[in-house]
Amino acid sequence: MSNPEAACHTIVYEDSWESPSTQDLRNALQKGSDEVKIDTLRKIIVLTINGSAQPQLLMPIIQYCMPSRNKQLKKLLHFYWEVCPKYDENGKLKQEMILVVNAIRNDLQHPNEYIRGATLRFLQKISRDQELLEPLIPVCRSCLEHRHSYVRKNAVFAIYTIYREYEHLIPDAPELIQTFLAAESDATCKRNAFVFLANCAMPKAVEYVATVHDQIGSLDELLQIAIIDVIRLDCKADSTHRPRWIRCIFELLNASSHAVQYEAATTLTGLTQHAAAVKAAATTFINLVLKESDNNVKLIVLDRLDALRSKHGHVFDNLIMDVLQVLSSADIEVRRKATSIALSMTSSRNVEEVVSFFKKQLQKTQEQDHEKAPEYRQLLIQSIHVCAVKFSEVAASVVHALMEFLGDSNNPSALDVVAFVREVVEKFPELRPSITEHLIRTLPEMKSGKVYRGVLWILGEYVESANEIVNTFQVVRKVLGEIPILAAEQRLLDETGPEDEETREEDEKKETVTTKPKVLADGTYATETAYSSTASARLEAVKAASKPPLRTLLLSGDFFTGAVLAAALTKLVLRFSNFSPDKKKANALRAEAMLIMTSTIRVGQSKFSSAPIDEDSNERIFTCIQTLSELEIKPVVHDIFLNDTKAAYSKMVAAQEKKAAEKRELEAAKQVVVQVDDLLTFRQFTKKAVDDVLDYDEDVGRATGAGEVQEDFISNLSRISQLTGFSDPIYAEAYVKIHGFDIMLDVLLVNQTSNTLQNLCVDFATLGDLKIVERPTVYTVAPHGFQSIKATIKVSSTETGVIFGSILWEAPDLSEQAVILSDIHVDIMDYIKPAYCTEAQFRSMWTEFEWENRVNVSTTMSEPREYLKHIMKSTNMSCLTPEGAMAGDSDFLSANMYARSLFGEDALANLSIERLESGTITGHVRIRSKTQGIALSLGDKITMTQKDNKKPVKS
């Protein structure tokens, strides 16, 4: 038997320290009981599988194990006959195997149906050994008439495997099985016989389906699936039975089995493109999602439904409400997938129904106290956002309903509402008055600082009438509480203490002393003393008292929100003073705004704030105060406050719309590029349907890499690694190829000595998440000869791995020789691909991921944007920061980058750099990921890239 045809066995781990000797095994077989023989035979099988065959034990096994009636021992014997060497050194069948064939024949005629069936299953495993099978053919044929179905169904498959390998042994097998199928009553036997005909005699299988197509709905589930496969294969060959097959498939759409329904719906879309058939298949998919309990199955069916929608979108117009019923599922991933399909089906004709359904579901999430309710609420808000921006006619009806969720305790949902309102208020000017009025009313209900910042920015940009500006100031005063904040808090602190001044001073002097032992860093003991006064306790009580929401945020140290409040108030005062003739009222508003700003700064510098005000917020609030104090001068800063910030946001929204439009055009105009000398395929001459996904043969070809474009010679040379030196006895080099989740090593060995190297093997080992698949094989290499060795290594995560090893062989004096191989470093870039995500998703993952690797920038480049492109190219990451945000000549650059590995791992990076006066770039790259490996590997890649980077030569 040649090497490619050899059976592939699994290496079984032996837990014993030393293997028993051949004599011990022989004695156990000869003198032991059935239990001892079972244990001994199991050991022999493991030794044989692991490469240590025991040919001396073949006759003892035949002599002492075959006569036993123990069923477990007979089963183990089948395993042994499968793996034991059956041929001698000349390739001829061993004489002892005649006895084995005789025992197998006896088992095939055994009165016990289990032994007969198990033996027939065993024949399928040795179907390549013609000399063993030939004497057993008559007995196999007779088993087709056995009274028990277990024997008959295994006999069918035994004949099938024999006929597939050696057709001349049973030349009349198709007619035999056809006769058997016509007379058989058992469902499993009929299915096995039909599978035989489908694979070995397709015309006879088609003939059988034609005879039973009237009662196809009442057949067994297994037979129905087999019939669907035959119909699919027959229609690929341009069958004349296509109309009849379509009717059969339509009938199977109503089968009781979900598996049959899925296969029938999938096949139907391949047989015909008629709208009625596509709609029936889509309806079946939707019903399967609703009825099936397994979430994985639901996701698979939804993927198939989405693929069908992408090809026949017009047929799905009336099915969108049926798709939305899938949202009744409890799994968030199923809901997310169904929502994505529904949004892609939404049009101006059905958008009102869709939005109405989303609003009802949104209302239910408030009533339900489910664990995933906040996440589902966020998904619904995002979906309504997409509908409202895409179809302006529904924006007015949903924006007010969504603004009720601005006070939601679930921060992401409220932030999504803010993003939605901000976009709507920019795109639809006619809705601005009603939206801003609603936002002003909702301010007291908000809880989050991020929500406050978004809403205050909207009010500062889009509140334009004098009355609305006055109302905004009143509500802001309400959510801030008494102004100035510091004086009010101090008064509250004074009111909580003793009224008598002397008593208060004594109270402040009272201290509570607490002592406790503490172990120092050097291991010695010390006493730790803590002093706490009654005054500090009263201060904590004042901080914990109930306060208005915006005041609470400021006192908790959120001065970024305070800076946004100052900017919003400045815009409102500037706008009021521009078009209002009431100078007295304008001056009052200006004074009130400046009072709020100074109060914010003072409280940030006091003991009442949980954290001191940061420098950036302090400087920004001072800028706002200075702008208002120089109101009459009308500097250029006024235009920045009133026009530039709104124009920047308008530009960003326009850029997003342009990017989305380009993406849609790209998807619509996607074409397959072919070479000028490629062969032409006229598919129009066949009646093959458009649904190429159903071509399972092509799918298998793609999965096994048969359809992949071969790499050119130069590309192969770049992946060759030298493993040993030219002066070593053995020269070795390896071609490293990354294939999906596998690393293929093609190692070339050259014997540079004049001796024959015996028992030579290459032993590989790995570091990281790499696993060796094959066991080392022993070779003999002639003097100055060549040997090619292939090894496969499994990769389980995106982490820098190292492959190392050695070459071992036996010298002429029988001493062991070895050469250590150079290390092969697995490049992480082969598993990382550029990806894209929204800004909100990036921020969410940045907060969630705990592993961070910070790499300082060290480069000879002088252009920040060139350095960004260099990092993107070397790390396979995409830049999420819009091009407009980085436009212009600036010495500062901050950009977010994102990539995803083949294993589904996310990699985030933030580049923050500055060009100094000397022309050099300084800064850092921060990398974050969920796992430590990818963060460290990307950091190492950036460090190596910086070292390899050479200063460009100036012309």
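Miscellaneous remarks
- Spin-label model, E810/D186: points 7 Å from Cα along the beta carbon direction are separated by 5.2 nm.
- Pairwise FRET efficiency - S392 versus E367, Cβ, R0 = 25 Å, nearest 0.05: 0.25
- Calculated accessible area for segment 84-188 comes out at 49 Å² per residue, all protein chains present (probe 1.4 Å; ligands, DNA, RNA ignored).
- Residue-normalised accessible area of segment 316-389, given per residue in Å² at a 1.4 Å probe: 46
- If you take all other residues with their beta carbon under 13 Å from the beta carbon of T598, and give Lys and Arg +1 and Asp and Glu -1, the sum is +1.
- Sorting 764-776, 329-341 by their mean Cβ neighbour count within 10 Å, with the most densely packed peptide first, gives 329-341, 764-776.
- Under-5 Å amide H pairs with L821, H placed in peptide plane, nonlocal only: G805, S806, I807
- In range of the label at E495: residues from segment 593-608 whose backbone nitrogen is under 14 Å from the point 7 Å along Cα→Cβ: none
- In order along segment 425-437, the phi-based Karplus estimate (6.51 cos²θ - 1.76 cosθ + 1.60, θ = phi - 60°) of 3J(HN,Hα) comes to 5, 7, 7, 10, x, 5, 8, 4, x, 5, 5, 5, 4 Hz; Gly and Pro are listed as x.
- Segment 915-939 and segment 218-272 have their alpha-carbon centroids 56 Å apart.
- Heavy-atom accessible surface of segment 122-250: percent carbon and sulfur, 1.4 Å: 49
- 1.4 Å probe accessible area per residue over segment 224-307, in Å²: 41
- Here the Karplus curve 6.51 cos²θ - 1.76 cosθ + 1.60, taken at θ = phi - 60°, turns the phi angles of segment 906-920 into couplings of 8, 10, 10, 8, 10, 9, 10, 9, 9, 8, 7, 5, 6, x, 8 Hz, with x standing for Gly and Pro.
- Within segment 135-152: backbone nitrogen closer than 19 Å to the D172 label point (7 Å, Cα to C-beta): 135-146
- Summed residue charge, Cβ within 14 Å of L252's Cβ, Lys/Arg positive, Asp/Glu negative: -3
- Overall form of segment 833-916 per C-alpha gyration tensor (a/c, 1.5; a/b vs b/c): prolate
- Segment 715-821, relative contact order [Cα under 8 Å, separation at least 6], %: 27
- Global geometry of segment 330-455, whether rounded, prolate or oblate, following the gyration tensor of its Cα atoms and the 1.5 cut on a/c: oblate
- Between K585 and T211, the modelled label-to-label distance comes to 9.6 nm, taking each label 7 Å out from Cα in the direction of the beta carbon.
- Overall, the accessible surface of segment 841-955 at a probe of 1.4 angstrom is composed of carbon and sulfur to the extent of 49 percent.
- Here the accessible area of segment 570-629 is 52 percent carbon and sulfur, with a 1.4 angstrom probe and all protein chains present.
- For segment 97-102, the Karplus equation 6.51 cos²θ - 1.76 cosθ + 1.60, evaluated at θ = phi - 60°, returns couplings of 5, 4, 5, 5, 4, 5 Hz by residue, with Gly and Pro reported as x.
- Each peptide in 345-356, 263-274 receives the mean, over its residues, of other Cβ atoms within 10 Å, and ordering these scores from highest gives 263-274, 345-356.
- Local net charge near L916, Cβ-Cβ under 14 Å (Lys/Arg +1, Asp/Glu -1): -3
- Relative contact order for segment 261-333: 31 percent, from Cα pairs under 8 Å spaced at least 6 residues apart, divided by residue count.
- In this simple spin-label approximation, E914 and A887 carry label points 7 Å from Cα along the Cα→Cβ vector, and these lie 2.6 nm apart.
- For segment 809-955: rounded, prolate or oblate by the Cα gyration tensor [a/c cutoff 1.5]: oblate
- Between the beta carbons of S142 and K279, assuming R0 = 41 Å, the FRET efficiency works out to 0.20 to the nearest 0.05.
- Above-threshold pairs, the threshold being 19 Å between Cα atoms, out of K663/K873; K737/K930; K450/K930; K291/K337; K794/K947: K663/K873; K737/K930; K450/K930; K794/K947
The values are calculated or read from the model by the stated rules, or taken from the named source; none is laboratory data. The model shown is predicted, which means the values in this text are computed figures rather than measured ones. Glycine also receives a Cβ, built like all others from the backbone with ideal geometry; neighbour counts cover every protein chain displayed. Calculation scope for accessible area: heavy atoms of the full protein, side chains included, ligands and nucleic acids excluded. Shrake-Rupley method; radii C 1.70, N 1.55, O 1.52, S 1.80 Å.
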